[in-house]
Amino acid sequence: MTTAPWRIERLHVPASLEADDATDFIAAGDLSNLVEGLRWGNNDHWVSPGVRLAAAQPSPYTGRQGFVAKVDGRVVGHADVELPLTDNEDVAYPYVIVHPEYQRQSLGSELYAALEECMKTASRRVFMAWSDHVADFDVDAAGGVRPHSGPGRLPEDSGVVRFCQSLGYELEQVEWFGVLYLPIDRDAVAAAERETQRVAGGDYELLVWQDRCPDDVVDQYAELRRLMSIDIPLGELESKPEVWDKARVRESEEKLLKQTGHSLVAAVRHRPSNQLAGHTIVEFFPERPEVVHQEDTLVLNSHRGHRLGMLLKAHNLLRLQELGPESRRLYTWNAAENAHMLDINIALGFVPAGYVGAWQKKIR
Ligand SMILES: CC(C)(COP(=O)(O)OP(=O)(O)OC[C@H]1O[C@@H](n2cnc3c(N)ncnc32)[C@H](O)[C@@H]1OP(=O)(O)O)[C@@H](O)C(=O)NCCC(=O)NCCS
């Protein structure tokens, strides 16, 4: 029997990038950058070691465990799992990455086995993972691997699809991964904003902030963040509401700033009830100013049908173009069955950049 050339070791989060044990952490990040760059054919998903280190710091809301696989001291594989600590305590989010030179030699499966052991030890019984796919196939064609809920498919000959299936995961949803090339025509977005403002009527007013939610609306904003975790199509993914309060909002804002990131938030307030009725968030990092991520967009159920989703997004886009003039590509993700959100994105000019498979495995 031949022995594998790699050794699997625990990956520790170092105190700083200069610390003696920082080498593996930095190398694991480099490996992610390499594999992401090869997949997408660009560096839009590149993240610096400093930002990765700030993101990996312990938080009261998420635990994390990781492993690296090394050959002669060189990191060739990385596996990591996020463990929610204050809600969804039976859920875990694993991720495995293997250097192209070492793929298809069972390293991914070995790294995953180490993670699954951790997940079980942490009393998790629902594992969720996401696979990324370049948009080089027809997502609506017949055949392929189909999700339990919603439209779309993934190619059955994709390596990562086979990998997930080989580990006992089932495809629950296909998500749309879109990109909007910036700058877009300011006048057209401003016209869309005026039109939606007219339809929404005088009952609604916009509130905007950067990086820190104003104190007087932070409790309401926490409630929107909570609802965002469940008030979207989730198919059969066993997600339970996240617990959000003022402290968690503040922690997430501070964490983003520690990662050198910034958020632009637009919210809409229903004047008669003085309640926030929806919000949208974009995030960007000065280390890669041309790339921006669209995060949450939510309009409360009772306020839907007033074009508030488009109002929020159009308004925030105009601010983004003003405050981040170097922005060139805005990326977004949404479930393929989230038709209203998809319609808004397509109307704004988003085009498909790829697809994401949402996978789930449940154990007894
Ligand atoms: C997905 C990934 C981690 C797999 O790692 P790996 O070390 O190549 O996986 P393994 O060798 O353990 O493969 C286990 C099984 O998965 C399937 N599989 C993996 N890659 C495959 C490929 N390219 N084509 C077909 N099947 C494949 C096979 O069934 C394989 O078993 P077999 O070789 O006995 O047929 C690796 O391709 C990778 O890093 N991809 C980029 C990052 C990523 O997408 N991670 C997964 C996120 S959920």
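The values are calculated or read from the model by the stated rules, or taken from the named source; none is laboratory data. As the structure is a prediction and not an experimental result, all values here were calculated from the model. Glycine gets a Cβ as well: all are built from the backbone with ideal geometry, and neighbour counts include every protein chain shown. Each accessible area value is taken on the protein alone, full model and side chains, heavy atoms only, with ligands, DNA and RNA left out. Shrake-Rupley method; radii C 1.70, N 1.55, O 1.52, S 1.80 Å.
When you restrict to C-alpha pairs under 8 Å that are six or more residues apart and normalise by the size of the range 121-178, the relative contact order lands at 28 percent.
Rounded to the nearest 500, the 222 nm mean residue ellipticity of the chain from helices alone is -10000 deg cm²/dmol, with -39,500 (n - 2.57) taken per DSSP H run of at least 4 residues. Legend: calculated FRET efficiency, L257 to T2, from the Cβ-Cβ distance at R0 = 56 Å, rounded to 0.05, equals 0.70.
Compared with the dominant Cα axis of the chain, that is its longest principal axis, helix 308-323 is turned about 80°. Would you work out what percent of the accessible area of the chain, with all protein chains in place, is carbon or sulfur (probe 1.4 Å)? Answer for the chain is 51 percent, counting heavy atoms of protein chains only. Spacing of the modelled spin labels on D215 and R125, each 7 Å from Cα toward Cβ, amounts to 4.4 nm. Rounded to the nearest 10 degrees, the angle from helix 246-258 to the longest Cα principal axis of the chain is 70 degrees. Taking a ≥ b ≥ c as the square roots of the Cα gyration tensor eigenvalues, the range 306-364 comes out prolate, since a/c reaches at least 1.5 and a/b is larger than b/c.
Note that the range 235-243 has calculated 3J(HN,Hα) couplings of x, 9, 5, 7, 8, 9, x, 6, 8 Hz, one per residue in order, obtained from phi through the Karplus relation 6.51 cos²θ - 1.76 cosθ + 1.60 (θ = phi - 60°); glycine and proline are x.
Which pairs, out of K120/K240; K246/K362; K70/K240; K313/K361; K313/K362; K246/K361, put more than 29 Å between their alpha-carbon atoms? Going by Cα-Cα distance, K246/K362; K70/K240; K313/K361; K313/K362; K246/K361 fall outside the 29 Å limit. Computed over the Cα atoms of the range 183-327, pair by distinct pair, the Kirkwood hydrodynamic radius stands at 15.9 angstrom. Pairs of Cα atoms nearer than 8 Å and 6+ residues apart set the relative contact order; for the chain it is 20 percent.
Seen against the Cα atoms of the chain and their longest principal axis, helix 186-200 is set at about 70 degrees.
FRET efficiency for E117 and A54, Cβ-Cβ distance as r, R0 = 22 Å, nearest 0.05? About 0.20, to the nearest 0.05.
Extension gain, T23 to R328, is 106.5 nm, computed as 0.36 nm per intervening residue step minus the present C-alpha separation. Taking the Cα atoms of the chain, the ratio Rg/Rh between the radius of gyration and the Kirkwood radius comes to 0.96.
Here the Karplus relation 6.51 cos²θ - 1.76 cosθ + 1.60, evaluated at θ = phi - 60°, turns the backbone of the range 295-301 into coupling constants of 9, 3, 9, 9, 10, 4, 2 Hz, with x for every Gly and Pro.
Test of the criteria: in the range 187-279, which trypsin sites (Lys or Arg not before Pro) are in a DSSP loop and have at most 16 other Cβ atoms within 10 angstrom of their Cβ?
R212
How much area per residue is accessible in the chain when the probe is 1.4 Å and only protein heavy atoms are counted (Å²)?
With all protein chains present, the chain gives 47 Å² per residue.
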